[in-house]
Amino acid sequence: MADVAVDLVVLGGGSGGYSAALRASQLGMSVALVEKDKVGGTCLHVGCIPTKALLHAAEVADSVRDAAKFGVDATLGGIDVAAVSVYRQGIIDSKFKGLQGLLKARGITTYDGYGTLTSPNTVQVGDTRIIGTNVVLATGSYAKTLPGLEIGGRFLTSEQAITLDYVPQSAIVLGGGVIGVEFSSVWRSWGTEVTIVEGLPRLVPNEDESVSKQFERAFRKRGIEFKTGVRFESATQDANGVTVTLEGGETLTADVLLVAIGRGAQTANCGFEEVGIAMDRGYVLTNERLLTNIPGVYAVGDIVPGLQLAHRGYQHGIFVAEEIAGLNPMVVSDVNIPKVTYSEPEIASVGLSESAAKEQYGDAAIAIYDYNLAGNGKSHILETAGSIKVIRVVDGPVVGVHMIGARVGELLGEAQMIVNWEAHPEDVAPHLHAHPTQNEALGEAFMALAGKPLHAM
């Protein structure tokens, strides 16, 4: 058995893990990265990147279908799923190759195989024992299902849906969160009849309530059916399709069932509990500086309770490397991490919702401006509807920005800077926003909250 000693051993090569490895290497540490599958993890191979490739293919289909309204003579002949797959996989392969090259160039040794934490400073992978001065746990997440609902055949999670080699005529989507509505959006653009089942009272329930209501109207307009506030009871499948039974006895039928109820922490059989790591329902517990209850052992990404986002993983990984190096990096709370739902329409948000802001500061201490995209020239050109809602503390900083409409995810960079820097609308209002852009809508909202609206009352 070979022993290897390094400054940092990282267990898991997804977004959080490889970010920790790269930043630690920049800071002069020797790093070993252990990955059982492919570096890049869920995001690159079966999550963020491939789903957004499908969503872009869906956007192109919608553009062709609606081309006549813009004076373009085009006809949508159908969806070539095999060609879409080649496009999707080409992007993944290119990014994977680039990441492998980057890790190698930074002098990071990657160990391919299933790693297990065998002591607070040791990871075992095959016949190699890697001993680190510090350890980062970054084993990622898996697609969850419900008891008695075994994935296979016509029962899919997002990971099977990505590689589906046909466009289903009809689909039932169990879960109205980000994953569920993104796949619903893709399939509807490709011609599928979609019904979403969500147990909570509204779709995208983690977003501001006003945004959820606009989103539901947009999905109705697109012909996407949904049932909210109703729970799944059971499902069966056969050669012809699936049958889903809801509480109360209502049944739905379709070609496929997508189970999109979220992701769980991939921590089973990793040795964490055996070593004494504090856990809760499979998640690794840390303090705000991502340190576990064992000195020198940190956890990042999806296995830490909170938002499961690739860029949260990146931030965690960078943070931990800098923490180990003694740089005392700034903590960014989950509420101030930007979020995007890449459906049609898109949703983008950062900071407190209206209800959360009122709960924290009191109704009278909050000022809100909701700018309708109907007043924005570029949004009119794009034929998108939606709004940009900005929430501030009276005579204080902006604490939340919530947007819905085509391409609003591209506006989130400025919004998250304003919220995280605790800027006041008066700080932002003097700065120019190019015309005509959707970015102007942010400027209009800040100008209105600063008491000097231009294209708004």
Filtered residues of the range 189-202 (kept if crowded, with 22+ Cβ neighbours inside 10 Å and under 17 Å from THR228 (Cβ atoms)) = VAL194, ILE196, VAL197, GLU198
Which listed residue, of GLY41, GLY28, GLY101, GLY14, is in contact with a Cys (Cβ under 7 Å, 6 or more places away or on another chain) and farther than 29 Å from GLY405 by Cα | GLY14
Checking SER85 against (1) touching a Gly at 6+ places or on another chain (Cβ under 6 Å); (2) in a helix (DSSP H, G or I); (3) of a type in the set (Ser, Thr, Tyr), the condition it does not meet | (1)
Any residue in the range 317-338 that's farther than 26 Å from VAL398 by Cα: show its pairings with residues that are of a type in the set (Val, Ile, Thr) at Cβ separation under 8 Å, as long as the two are six or more apart or on different chains.
-> GLY317/VAL136; GLY317/VAL300; VAL320/VAL136; VAL320/VAL300
Have a look at ALA21, ALA67, ALA53 and point out the one that is without any contact (Cβ under 8 Å) to a residue 40 or more places away in the chain and crowded, with 19+ Cβ neighbours inside 10 Å.
-> ALA53
Only one residue in GLY351, GLY405, GLY400 is at pLDDT 95 or above and within 30 Å of SER189 (Cα to Cα). Which one?
-> GLY405
Do we have any residue at all in the range 183-190 that's of a type in the set (Ser, Thr, Tyr), over 18 Å from the mean Cα position of the chain (by Cα) and under 18 Å from ALA61 (Cα atoms)?
-> yes
For VAL350, all conditions in the list (1) in a strand (DSSP E or B); (2) in contact (Cβ under 8 Å) with a residue 60 or more places away in the chain; (3) among the aliphatic types (A, V, I, L, M); (4) out of contact with any Pro (no Cβ under 9 Å at 6 or more places or on another chain) hold save one; what is the number of the exception?
-> (4)
So, of the residues in the range 24-46 that are more than 26 Å from GLY326 (Cα to Cα) and in contact with a helix residue (DSSP H, G or I) (Cβ under 7 Å, 6 or more places away or on another chain), which turns out to be surrounded by the fewest Cβ atoms within 10 Å (Cβ to Cβ)?
-> LYS38
Test: VAL6 is of a type outside the set (Gly, Ala, Ser) and not in a helix (DSSP H, G or I) = yes
Those residues of the range 234-260 which are in contact with a strand residue (DSSP E or B) (Cβ under 9 Å, 6 or more places away or on another chain), among the acidic types (Asp, Glu) and either touching a residue at least 24 places away in the same chain (Cβ under 8 Å) or within 25 Å of LEU164 (Cβ to Cβ) (or both) amount to ASP255
Go through the range 437-457 and give me each residue that's outside any helix (DSSP H, G or I) and either within 29 Å of the chain's Cα centre (by Cα) or under 16 Å from ARG392 (Cβ atoms) (or both).
-> THR437, GLN438, ALA450, GLY451, LYS452, PRO453, ALA456
For the range 132-156, what are the residues that are within 17 Å of THR245 (Cα to Cα) and out of contact with any helix residue (DSSP H, G or I) (no Cβ under 8 Å at 6 or more places or on another chain)?
-> THR145, LEU146, PRO147, GLY148, LEU149, GLU150, ARG154, PHE155, LEU156
Could you tell me which numbered condition ASP395 fails, if it satisfies all but one of (1) in the same structural domain as GLY28 (by TED's automatic domain parsing); (2) assigned to a loop (DSSP other than H, G, I, E, B)?
-> (1)
The listed residue being out of contact with any strand residue (DSSP E or B) (no Cβ under 9 Å at 6 or more places or on another chain), assigned by TED's automatic domain parsing to the domain that holds ALA20 and at positive phi, out of GLY296, GLY282, GLY271, GLY276 | GLY276
Qualifying position, being over 29 Å from SER185 (Cβ atoms), under 27 Å from the mean Cα position of the chain (by Cα) and either part of a loop (DSSP other than H, G, I, E, B) or not aromatic (Phe, Trp, Tyr) (or both), among GLU359, GLU410, GLU426, GLU414 = GLU359
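Let's see how each residue does on (1) among the acidic types (Asp, Glu); (2) touching a helix residue (DSSP H, G or I) at 6+ places or on another chain (Cβ under 9 Å); (3) in the same structural domain as THR109 (by TED's automatic domain parsing); (4) assigned to a strand (DSSP E or B):
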position	(1), (2), (3), (4)
GLN124	no, no, yes, yes
ILE130	no, no, yes, yes
VAL181	no, yes, no, no
VAL186	no, yes, no, no
VAL194	no, yes, no, yes
LEU200	no, no, no, no
PRO205	no, yes, no, no
VAL211	no, no, no, no
Got at least one residue in the range 357-369 being surrounded by fewer than 22 Cβ atoms within 10 Å (Cβ to Cβ), without any contact (Cβ under 8 Å) to a residue 40 or more places away in the chain, under 21 Å from CYS48 (Cβ atoms) and among the acidic types (Asp, Glu)?
-> no
Single condition ILE79 does not satisfy, out of (1) outside any helix (DSSP H, G or I); (2) without any contact (Cβ under 8 Å) to a residue 40 or more places away in the chain; (3) not hydroxyl-bearing (Ser, Thr, Tyr) | (2)
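The values are calculated or read from the model by the stated rules, or taken from the named source; none is laboratory data. As the structure is a computational prediction, the values presented were derived from the model and not from experiment. No Cβ is skipped: glycine too gets one built from the backbone with ideal geometry, and neighbour counts run over all protein chains shown.
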